[in-house]
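Input: a single structure, listed below in structure tokens.
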Amino acid sequence: MFIITKEELEHMTEQQLRQLYTDILADLAKRGLSAQGCPLTMITLENIRAVLRRKQAFKSSTLRF
């Protein structure tokens, strides 16, 4: 496993990010693993959450105007 950086995730849509997050968790479950036991995966999942938060904040701030 490797880390997917925020920069690598920026081009993805919110839907794609959510799907990637779900796919990673499903893959871990299929292997009998959890995210807590895989530090690199935890970093990737946090990066996905951070990019999602940023995209949602940007979207909500643009809707105000």
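FYI, it's all coordinate maths here, none of it is from the lab. Here the structure is a predicted model, which is why all the values come from computation and not from measurement. Here the Cβ is made from the backbone with ideal geometry for all residues, glycine too, and neighbour counts use every protein chain on show.
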Evaluate the distance, in nm, between pseudo-label points positioned 7 Å from the Cα of Glu8 and of Met42 along their respective Cα→Cβ axes.
1.9
Distance in nm between pseudo-label sites at Arg31 and Ala50 (7 Å out along the Cβ direction from Cα)
2.2
Here are a few candidate values for mean projected area of the Cα convex hull in nm²: (1) 3.9; (2) 7.4; (3) 4.5. Which one was actually calculated from the structure I just gave you?
(3)
Among Ser34, Gln56, Leu17, whose Cα sits farthest toward the positive end of the charge dipole of the chain (+1 at Cβ of Lys/Arg, -1 at Cβ of Asp/Glu, about the Cα centre)?
Gln56
Relative contact order, percent, of the chain when contacts are C-alpha pairs under 8 Å separated by at least 6 residues?
48
